[in-house]
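One structure is given below, encoded as structure tokens.
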Amino acid sequence: MKKTVLFSTLFALAMTAGAQSAADPVLMVINGKPVTKSEFEYSFHKNGNVQDAVEQKSVQEYVPMFINYKLKVAAAEAAHLDTLSSYKKEFLTYRDMQLTPFMVDSFFTDSIARVVYANTEKQLGGKDLIQTSHILIRLGQKATEAEKAAAKSKADSIYNAIVNGADFAEMAKKYSADPGSAAKGGQLPMVGPGQFVKEFEDAAYALKQGEMSKPVLSAFGYHIIKMDERKPLDPYEKLKGDIMAMLKRQNIDEASAEYRIKKLVAASNGKLTREEVLDSVMNANIGHNDALRYLIQEYHDGLLLYEVSKRQVWDVAAADTKGLETWYKTHKADYAWKAPKFKGFIYHCKNAKDAKAVNKMLKKYGAGEWRKQLKQQFNKDSITVSVSGPYLCSQGENSVIDAYAFKAGNNVKQPKGFTMTGVSGKVMKQPKSYIDVKAQVTSDYQAECERLWVEKLRKQFTFTVNEDVLKTVK
């Protein structure tokens, strides 16, 4: 219990640290908690007035939305959802990700970058980095002598054409059997030794920049190699930026931060935990870093908002079959179809005589255990019947249903191994119940339940807005 209270208290203190000043007055008070002008502006500019958004909001329009958001968070806190271990674990995971940049150990990242450079130096063994282009005339491993001779003749012909003025890149695009490099005029990445087969590498390293080899035979066939560039490895300081960028893509910052955290925990001789170290990092930075403070606040509130909405509205409404049916009947006109829809299954039979039994099975078990019955009745030892669905679609959405349900078109191919195709179900002009339009009905019913919930929250919790401060919002 003490840890739970400590977590909530520390977070509340951290989020309000340095939050209010003469330059950043309180704009709202929601359930006793102040909301500063800067916090509201942060939320508005991020969520309410995004450029190219489908529906941008004015400040006045955004105010009730923001209040409703904070009231839902208040409801979550009143239900102690912020004390759940699952919530705290998820919140701290998101929060700690935002604190990583403040814990990067530059000595650690530099040492890793130097190791990468040293390993590259060792791999090069004093040799240059090279960038080559090649034209490959491929030879299979079991090529006949005649095929080998033909490949050698073709390679020699291409080589002579280039010597006599043909463009290497154009010849590579036209004749090379290495599609990846051929599209780039034969060019390969810059590499060091050990990246090519021995025959290719030996011939390449024997070339000076701008030179071209005669056809070289390897296990892949004949290569005509051109040396585009060769150079020694640049000094570490010149390559440091590129190495660091590569390490960042491999999450070096996270590894570095974790290394530094572990050092601090170890140095405390058991007095500090990992989270206490990160608590201190957060507290040291959020007082003068509004973006960090409000981003962490957003994670805190957003996770609570999701959990309380799920518990109070989404799951409850989705499971309320009586409420869904009543909503559908009351708003039936909103769910009318513009065109008939087929509701049912598509089946394929290896034996045409099974079709009648398949249809009967689907009519009886289509709303439940049809997969189990399909296996028991038809597919015990081998697949003799294939069933897909259930479908709910209009004409033009599925060629098989068009042909067999809507009697429109006959461009249907039988799946391999099956002799008969059919559909089981019926064409309906309008939905028979909310089940036929369940997704739309559920969404609308959830929205109505949420509206009623918000009305209740507005009576349950207090909130005030300083209109004078609101007028100054940017």
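Data table
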item: Separation between Cα centres of the range 237-262 and the range 193-228, rounded to whole Å; result: 35
item: Mean Cα-pair separation over length for the chain, i.e. relative contact order, pairs under 8 Å, 6 or more apart, %; result: 20
item: Kirkwood Rh, angstrom, the range 241-378 [1 / mean 1/r, Cα pairs]; result: 22.9
item: Whole-number D in µm² s⁻¹ for the range 184-282, Kirkwood Cα-pair radius fed into Stokes-Einstein, 37 °C, 0.692 mPa s; result: 181
item: In sequence order, calculated HN-Hα J values of the range 249-261 (Karplus, 6.51, -1.76, 1.60; Hz; x Gly/Pro); result: 5, 9, 6, 5, 4, 5, 5, 5, 4, 5, 4, 5, 4
item: Magnitude of the charge dipole, the chain, Cβ model with Lys/Arg +1 and Asp/Glu -1, debye to 20; result: 2520
item: Cut-off under 5 Å, modelled amide H: who pairs with G221 long-range; result: L139
item: Segments 212-221, 156-165 sorted - mean Cβ within 10 Å per residue, highest first; result: 212-221, 156-165
item: Highest average packing first - 461-470, 416-425, Cβ atoms within 10 Å; result: 416-425, 461-470
item: FRET efficiency for R451 and S399, using Cβ-Cβ distance with R0 set to 51 Å, rounded to 0.05; result: 0.75
item: The range 253-377 - charge dipole about Cα centre, Lys and Arg +1 at Cβ, Asp and Glu -1, debye rounded to 20; result: 1660
item: Length-normalised contact order of the range 207-285 in % [C-alpha pairs under 8 Å, at least 6 apart]; result: 16
item: Alpha-carbon centroids, the range 332-346 and the range 416-454: separation in whole Å; result: 8
item: FRET efficiency, 1/(1 + (r/R0)^6) with R0 30 Å, evaluated for E90 and E276 via beta carbons; result: 0.95
item: Label-point separation in nm, K248 to W337, each point 7 Å along Cα→Cβ; result: 5.4
item: Identified option (computed volume of the Cα convex hull per residue in Å³; candidates [x] 325; [y] 169; [z] 143); result: [x]
item: Ranked packing of 404-414, 352-362, most packed first, by mean Cβ within 10 Å; result: 352-362, 404-414
item: Rounded accessible area of Y299 (nearest 10 Å², 1.4 Å probe); result: 60
item: Among Y404, I67, A203 the positive-end extreme of the charge dipole of the chain (Cβ point charges); result: Y404
item: From phi via Karplus (6.51, -1.76, 1.60), per-residue ³J(HN,Hα) for the range 75-83 in Hz, x at Gly/Pro; result: 5, 5, 5, 5, 8, 6, 5, 6, 9
item: In Hz, Karplus ³J(HN,Hα) per residue of the range 430-443 (6.51, -1.76, 1.60; θ = phi - 60°; x = Gly, Pro); result: 9, x, 8, 8, 5, 4, 6, 9, 4, 4, 5, 5, 4, 4
item: Label point 7 Å beyond Cα of K208 along Cβ direction - residues of the range 83-127 with amide nitrogen under 20 Å; result: 127
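The values are calculated or read from the model by the stated rules, or taken from the named source; none is laboratory data. Keep in mind that what you see is a predicted model, and the values were worked out from it rather than measured. Every residue, glycine as well, gets a Cβ built from its backbone with ideal geometry; the counts of neighbours run over all protein chains shown. Quick note on the areas: whole protein, heavy atoms, side chains included, nothing else; ligands and nucleic acids left out. Shrake-Rupley method; radii C 1.70, N 1.55, O 1.52, S 1.80 Å.
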